[in-house]
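First comes the structure, then the notes that go with it.
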Amino acid sequence: MKIQSITQIIVLLSMLLMAGCAALATQSPAAQVPPTQPPATQAPPTDPSVSQGTPQSELNTNVVLNMVERLNAGDVEGSLAYFSDDAIAYFMGFPPTGIEVYKGKERIRSLWQDSESNHFEWEVEVVSTYGDIVWVQSKTWHDFTRKLEVAPLEYRDIYQVIDGKIKTYGSWLTEESLARFKTAFKAAMPPEPTITPFFGRPGSELTVTSSGGTCTTDAPLALKAGDVKVTWNVKDQDKSKYALTLFTLDPNKDLLDLMVATYGQPPSWGDMVLYEELGPGESKTYPLSLEKGPLYLICWSKPPDLPIGNSGLIPVVP
């Protein structure tokens, strides 16, 4: 992305992450628990404990709602008390990569502190629960999105609650909100540079490593069309299943669109050229025949079922 200075992009992207990826806010007074859900239990500001006699679905619902309520009240530490120390948060849909990963309560703290000082509003609605999973719809307001005149932005969120603490938090910007945001952001930022054609020697191997709750790639600047080897190493041990997907997209779609579309069924405007699953600690190499590109990569884990890392675009050249 072309910008006038490194400082400018750091500041703007930091504001974007606070505005959307974190799905943070001070809760709107109008936000209510859905009629089908029991009312949230008021918890002490820094004590996320709840009655052990409460059904598990209500316990987990209360953890999420009480966490939001404490942040809305300006109690950053009280809100963070509902997260495990090793919690991981994943936020899908914002530039430049379409996914931001925050590992550990200390990383999440910086987002929460910024939210408290940037006039957030956070409106949440619990949609359903199953086991340790809580599905939520949410809206956020933030000074930056108000300035862009796109507030509120809407999200679909998922929480994994274990032993009364949020272990995993995933948030997807909705397709409609992404479309509004991309238009406003493009108008507010200098135009992006034209993509430079690839000159050089393309590779024929791609290595992906899943570790630390996310994934990294050892990818060449471009892949050669034809036979390609994809090696995938899963080093993590804390999830029951991991998945790797590779996509090609229609010309009018990009990585941001793809990451938002990871909530639900695969998009009609993308072709999945690889889908593979592995268990914890497993490794495997897959032969792949590529005819066209560019290529986009997403790795996953479950439970809960959500993307944990990506890469792209990777050109495919003759």
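The values are calculated or read from the model by the stated rules, or taken from the named source; none is laboratory data. For clarity, every value in this text was computed on a predicted model and none was experimentally measured. No Cβ is skipped: glycine too gets one built from the backbone with ideal geometry, and neighbour counts run over all protein chains shown.
Condition first: in contact (Cβ under 8 Å) with a residue 60 or more places away in the chain and of a type outside the set (A, V, I, L, M, F, W, C). Now tell me which residues in the range 280-300 satisfy that.
Pro287, Ser289, Glu291, Lys292, Gly293 - these are the residues of the range 280-300 that are in contact (Cβ under 8 Å) with a residue 60 or more places away in the chain and of a type outside the set (A, V, I, L, M, F, W, C).
Just give me the residues in the range 122-138 being within 21 Å of Leu178 (Cβ to Cβ) and either among the hydroxyl-bearing types (Ser, Thr, Tyr) or surrounded by fewer than 21 Cβ atoms within 10 Å (Cβ to Cβ) (or both), in sequence order.
Glu125, Val127, Trp135, Gln137, Ser138
Select from the range 144-163 the residues that are touching a helix residue (DSSP H, G or I) at 6+ places or on another chain (Cβ under 6 Å) and either under 28 Å from Val63 (Cα atoms) or free of Cβ contacts under 8 Å to residues at least 24 places away in the same chain (or both) and list them in ascending order.
Of everything in the range 144-163, those that are touching a helix residue (DSSP H, G or I) at 6+ places or on another chain (Cβ under 6 Å) and either under 28 Å from Val63 (Cα atoms) or free of Cβ contacts under 8 Å to residues at least 24 places away in the same chain (or both) turn out to be Thr145, Ala151, Leu153, Glu154, Tyr159, Val161.
Could you list, in sequence order, all residues of the range 184-204 that are at pLDDT 85 or above, surrounded by fewer than 16 Cβ atoms within 10 Å (Cβ to Cβ) and over 27 Å from the mean Cα position of the chain (by Cα)?
Ser204
Being outside any helix (DSSP H, G or I), at pLDDT 90 or above and surrounded by 17 or more Cβ atoms within 10 Å (Cβ to Cβ) is the filter here, so list the residues in the range 94-108 that pass it.
Selection gives Gly98, Ile99, Glu100, Val101, Tyr102.
Within the range 243-276, restricting attention to residues that are of a type in the set (Ser, Thr, Tyr) and touching a Lys or Arg at 6+ places or on another chain (Cβ under 8 Å), which residue is farthest from Glu291 (Cα to Cα)?
Checking each candidate, the answer is Tyr263.
Condition first: free of Cβ contacts under 8 Å to residues at least 40 places away in the same chain and surrounded by 13 or more Cβ atoms within 10 Å (Cβ to Cβ). Now tell me which residues in the range 256-271 satisfy that.
Within the range 256-271, Pro266, Pro267, Trp269, Gly270, Asp271 meet the criteria.
Against the definition (over 15 Å from Gly170 (Cα atoms) and either touching a His at 6+ places or on another chain (Cβ under 9 Å) or of a type in the set (Asp, Glu) (or both)), how does Glu106 come out, yes or no?
Criteria met by Glu106.
Which ones in the range 239-261 are hydrophobic (A, V, I, L, M, F, W, C) and in a strand (DSSP E or B)?
Of everything in the range 239-261, those that are hydrophobic (A, V, I, L, M, F, W, C) and in a strand (DSSP E or B) turn out to be Ala243, Leu244, Leu246, Phe247, Leu249.
Being touching a strand residue (DSSP E or B) at 6+ places or on another chain (Cβ under 7 Å) and part of a strand (DSSP E or B) is the requirement here; does Asp236 meet it?
no
Restricting to the range 71-82, give me the number of residues that are within 14 Å of Ser115 (Cβ to Cβ) and either of a type outside the set (S, T, N, Q) or not assigned by TED's automatic domain parsing to the domain that holds Ile166 (or both).
Here the count works out to 8.
Quick check on this structure: which one of Leu65, Leu111 is surrounded by 17 or more Cβ atoms within 10 Å (Cβ to Cβ) and more than 19 Å from Phe144 (Cα to Cα)?
The match here is Leu65.
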